[in-house]
Amino acid sequence: MSGRRARRRPPRRGGPGAADGLPGGPPAVARRELDEATPHAQLFLDRLRRAHLSLAGVAALAGGGLLAALPLVALALPALDDDAWLGVPWPVLLLLTPYPLLVALAWLYVRRADALDEAFLALVAEDEEPEPDAPAAPGSRDARR
Amino acid sequence: MLAIGAIVAVTAGALGIGAWGVRWARTTSDLFVASRAVTPWWNAAAISGEYLSAASFLGVAGLTMRSGLAALWLPVGFTAGYLALLLFVAAPLRRSGAYTLPDFVEVRLGDRGLRTVASLIVLAIGVLYVVPQLRGAGLVLGEVADVPYTAGIVLAAAVVVGSVALGGMRAVTYVQAFQYWVKIVAISLPACLMIVHLGGLPERAALLGRELPTAGDRGMTIRLAEPSTVTFPRATRFRVVAEAELRTAGDGAARDLPEPGRARDGVRPVPAGAAGSAAGAGAAGASRTGRAPASVDGRWRSVGAGEAVRLPAGALALPPGATLPVAEGIHAKTGREWARPAGGEGRGSPLFLYSLLVATFLGTMGLPHILVRFYTNATGSAARHTTVRVLGLLGVFYLFPVVYGLLGRVLVPELYVTGQTDLVVLRLPEAVFVDATGRTLVAVVAAGAFAAFVSTASGLLVSTAGTVAYDLLPRLRRGEAPGGRRSAPLARGPSAPTLDPATEDPAALRRRRFRVSALAAIVVPALLAIAARGLDITILVSWSFALAASTFCPLLLLGIWWTGLTPRGALAGMLAGGAVASAGIVAALAGGEAMEESLLSQPAVVSVPLAFATMWLVSRRDEPLPRAQVAAAMRAMHAPERAG
């Protein structure tokens with residue numbers, strides 16, 4: 001839904017590679033442009049947001065799919081009723097499997113998400129006059145009001 | 001006595017850390033300190049500590065014993081909720097600098113009126129969630145110390161208010177992290193010792209076979225503190241004797257009768273006179289409901305399969321091998337039915353199950369006391385790393401309640417008769433170990449349960465009291481940033497402004513207002529908890545999750561990821577989702593036992609999509625917010641900190 005809305009307003013989204021990483025667009029964006037919210041910087045931010053959204057969407061599909069599939073597995077395998085592994089009944093095992101899988105999925109996601117942020121930061125040109133972080137926050141507040 | 005000592009020790013430990021933390025943090029802003037010094041591991045332990053409530057500590061095991069292994073979807077959902085939080089909310093919310101959900105509304109949509117609506121929903125969720133916590137505390141205190149239920153709740157409420165007033169929001173990260181470790185030790189240590197002692201899970205037939213729980217080889221005597229109706233699933237014999245008579249005369253069919261600390265089968269001993277009058281009341285009730293009455297005459301009676309009997313207070317004796325009757329609201333299940341994780345009626349029915357997963361998966365992100373904790377992460381990326389660790393810590397914890405559920409079905413089946421399956425965690429250690437080990441372990445689990453209740457309830461109280469004090473009561477200095485925690489919705493990490501010394505006097509006023517609000521915010525749930533004594537507490541937890549999933553989840557997801565959200569759309573969606581979810585649950589409560597495990601009591605599968613659709617449609621038809629405003633909010637939420 002965000003895609004539809006975003007497409008309608010300038011700046012138009014970049015080429016086909018825009019959503020997955022940030023390369024493919026203009027080489028860099030200046031930090032000052034980010035602060036001033038120029039259309040050029042907006043393009044970069046929109047791409048970053050969309051890249052994060054698709055990553056999160058894929059991970060949510062995986063996690064949600066796992067959760068949605070488990071009850072179906074439980075329904076489909078009533079024949080296993082009397083089976084056990086090391087004395088633990090299989091329904092218990094089935095209901096404990098999500099925990100490690102969720103952690104693994106979350107860990108993979110975090111690695112990819114951090115990589116997206118790093119890729120974005122690499123594109124923010126550092127050759128402008130170096131700005132400390134502190135003034136940035138009030139600036140963004142003013143922009144919001 | 002031992003249990004009271006353990007509870008006092010844990011509570012004092014938490015208060016001590018809080019007090020020590022206050023002194024340490026007083027010189028500077030706690031948020032400043034927290035964002036600099038708190039690592040993701042500390043934060044994750046704190047979030048888990050605050051999240052693992054009485055519902056997790058006592059409720060999951062009790063519900064497993066009561067309804068079967070299908071109840072284990074609940075902790076799966078409780079944990080998976082953090083995946084949704086991680087994927088869609090954690091980093092952007094931290095970067096936005098919003099401290100609470102009403103803050104987020106203001107940052108993203110810039111609408112004061114909507115902020116008030118969000119505050120009211122925070123209050124509703126908080127109160128609904130605190131009630132079961134207080135009820136759990138009342139149960140624990142009644143069980144281990146014979147404190148009357150009402151007095152237990154008052155005492156628990158006082159402890160929570162005290163810890164909030166003492167600690168406030170300072171040092172709370174360390175207090176909550178401490179509570180997590182208390183809880184994990186308290187639930188895992190007895191579970192491991194019991195498994196080792198028993199050499200694995202006992203009597204698999206009772207767990208998985210075609211049998212219903214039985215009275216065992218020596219029969220069983222179960223104390224009933226008050227008259228109750230039980231259903232006998234199989235034909236058998238029984239008799240009811242007065243408590244006093246039982247103590248003096250002894251009983252051939254009795255199983256291990258009162259050894260102090262051991263046979264807490266019923267609730268509390270009842271004087272013979274009271275039992276007699278209760279028997280009269282039982283007979284009257286029976287004539288009203290048409291159920292077969294019984295009296296305290298000590299004669300054996302026969303009952304047919306499926307017969308419901310109104311029993312007076314006293315001691316119910318069952319012959320060896322008899323199938324146990326079940327209290328109202330519990331369905332007698334064979335091992336095979338009990339162990340089935342999905343399918344069939346009630347809790348295992350697929351629609352109920354998916355609705356529960358939707359509510360918990362999407363509702364966790366909307367719990368007010370959880371989002372607050374994310375603010376102590378230094379950056380959005382740290383917030384993500386914290387959330388991964390939370391998933392791990394919760395997963396470790398939820399390995400253990402199932403042990404109590406499994407062992408409880410075999411070793412303390414009398415809870416099916418009294419209906420107090422929520423007490424299985426507290427009863428089980430003494431059923432496994434007859435000596436002092438049992439009493440020690442009961443003290444350990446009681447301390448853990450109390451820690452679970454105190455940590456969750458104080459976290460919620462801080463959120464609800466803060467909402468009342470800062471959002472709902474008239475603002476201290478309208479239009480001006482009041483300093484402290486709310487001064488900088490978009491400020492980041494270490495650059496967050498510290499408390500301004502110039503606002504000393506208003507700060508004291510604010511503190512007083514906060515304390516008054518905290519008192520008010522605990523009195524209401526305490527009264528509700530006293531009124532809700534007989535209520536199944538899980539439905540209130542379901543309600544708060546369903547409400548969070550149907551209001552704040554769409555607000556957060558669309559607000560963070562969709563530029564087109566408007567205040568009017570957000571309002572319409574939250575009202576629609578919240579109304580449908582609440583209507584379903586109120587209808588389920590009105591319907592009583594029959595509705596307890598129906599879709600009405602778990603309405604998320606309907607209300608969440610409805611809320612999303614309403615929010616989206618109304619926003620589309622509404623006039624969009626100024627583009628610059630949306631762009632600034634999006635930038636604040638999505639740009640990594642180092643990009644300025």
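The values are calculated or read from the model by the stated rules, or taken from the named source; none is laboratory data. Because the structure is predicted, anything quoted here is derived from the model rather than measured. No Cβ is skipped: glycine too gets one built from the backbone with ideal geometry, and neighbour counts run over all protein chains shown.
Taking each residue of segment B:420-448 that is farther than 15 Å from B:PHE400 by Cβ and looking for partners that are among the hydroxyl-bearing types (Ser, Thr, Tyr) and part of a helix (DSSP H, G or I) with beta-carbon atoms closer than 8 Å, six or more apart or interchain, yields nothing.
Scanning segment B:327-373 for residues being outside any helix (DSSP H, G or I), more than 14 Å from chain A (Cβ to nearest Cβ) and surrounded by 24 or more Cβ atoms within 10 Å (Cβ to Cβ) gives a total of 1. Within segment B:555-562, one or more residues are away from chain A (no Cβ under 14 Å), surrounded by 19 or more Cβ atoms within 10 Å (Cβ to Cβ) and either over 22 Å from the mean Cα position of the chain (by Cα) or under 18 Å from B:LEU367 (Cα atoms) (or both). For segment B:409-421, filtering for residues that are within 14 Å of chain A (Cβ to nearest Cβ) and either within 24 Å of B:GLU50 (Cβ to Cβ) or surrounded by 24 or more Cβ atoms within 10 Å (Cβ to Cβ) (or both) leaves 1.
Would you call B:ALA45 at pLDDT 90 or above, in a helix (DSSP H, G or I) and away from chain A (no Cβ under 14 Å)? Judged against the criteria, B:ALA45 is a match.
The residue list B:LEU406, B:LEU394 contains one member that is more than 20 Å from the chain's Cα centre (by Cα) and closer than 30 Å to B:ILE4 by Cα, which is B:LEU406. From the list B:LEU519, B:LEU575, B:LEU571, the lone residue that is surrounded by fewer than 24 Cβ atoms within 10 Å (Cβ to Cβ), more than 14 Å from chain A (Cβ to nearest Cβ) and at pLDDT below 90 is B:LEU519.
The helices (runs of 4 or more DSSP H) found entirely in segment B:374-437 that carry 1 or more residues being basic (Lys, Arg) are B:380-397, B:401-411, B:424-432. Taking segment B:615-641 as the range and being among the charged types (D, E, K, R), facing chain A (nearest Cβ under 10 Å) and surrounded by fewer than 16 Cβ atoms within 10 Å (Cβ to Cβ) as the test, the residues that pass are B:ARG620, B:ARG627. Would you pick out the residues in segment B:315-326 that are surrounded by fewer than 24 Cβ atoms within 10 Å (Cβ to Cβ) and either free of Cβ contacts under 8 Å to residues at least 12 places away in the same chain or assigned to a loop (DSSP other than H, G, I, E, B) (or both)? Those that are surrounded by fewer than 24 Cβ atoms within 10 Å (Cβ to Cβ) and either free of Cβ contacts under 8 Å to residues at least 12 places away in the same chain or assigned to a loop (DSSP other than H, G, I, E, B) (or both): B:PRO319, B:PRO320, B:GLY321, B:ALA322. Among the residues of segment B:394-445, the ones that are polar (S, T, N, Q) and at pLDDT 90 or above come to 0 in all.
The set of residues in segment B:57-80 being more than 10 Å from every other protein chain (Cβ to nearest Cβ) and either surrounded by fewer than 24 Cβ atoms within 10 Å (Cβ to Cβ) or more than 15 Å from the chain's Cα centre (by Cα) (or both) consists of B:MET65, B:ARG66, B:SER67.
Taking the condition modelled with pLDDT of 65 or more, surrounded by fewer than 20 Cβ atoms within 10 Å (Cβ to Cβ) and under 24 Å from B:LEU399 (Cβ atoms), does A:VAL88 pass? Yes. Scanning segment B:378-386 turns up at least one residue that is among the aliphatic types (A, V, I, L, M), more than 21 Å from A:LEU93 (Cα to Cα), crowded, with 24+ Cβ neighbours inside 10 Å and more than 8 Å from every other protein chain (Cβ to nearest Cβ). Inside segment B:81-91, can you point out the residues that are within 8 Å of chain A (Cβ to nearest Cβ) and either part of a loop (DSSP other than H, G, I, E, B) or not aromatic (Phe, Trp, Tyr) (or both)? Correct list: B:LEU83, B:ALA84, B:LEU86, B:LEU87, B:ALA91. If you go through segment B:126-161 and keep only what is farther than 13 Å from B:LEU461 by Cβ and aromatic (Phe, Trp, Tyr), you end up with just B:TYR149.
Residues considered: B:VAL605, B:VAL618. Of these, the only one that is of a type in the set (Val, Ile, Thr), touching a helix residue (DSSP H, G or I) at 6+ places or on another chain (Cβ under 9 Å) and under 26 Å from B:LEU356 (Cα atoms) is B:VAL605. Please verify whether B:VAL390 is closer than 22 Å to B:SER56 by Cβ and within 10 Å of chain A (Cβ to nearest Cβ), treating the condition exactly as stated. Taking the combined requirement at face value, the residue satisfies it.
Residues in segment A:37-78 that are surrounded by 18 or more Cβ atoms within 10 Å (Cβ to Cβ), closer than 29 Å to B:ALA643 by Cα, of a type in the set (Gly, Ala, Ser) and free of Cβ contacts under 8 Å to residues at least 24 places away in the same chain: A:ALA41, A:ALA60. Annotation note: Cβ proximity below 8 Å between a residue of segment B:296-309 that is more than 10 Å from B:PHE232 (Cα to Cα) and a residue that is of a type in the set (S, T, N, Q) (sequence gap 6+ or interchain) occurs for B:SER302/B:THR236.
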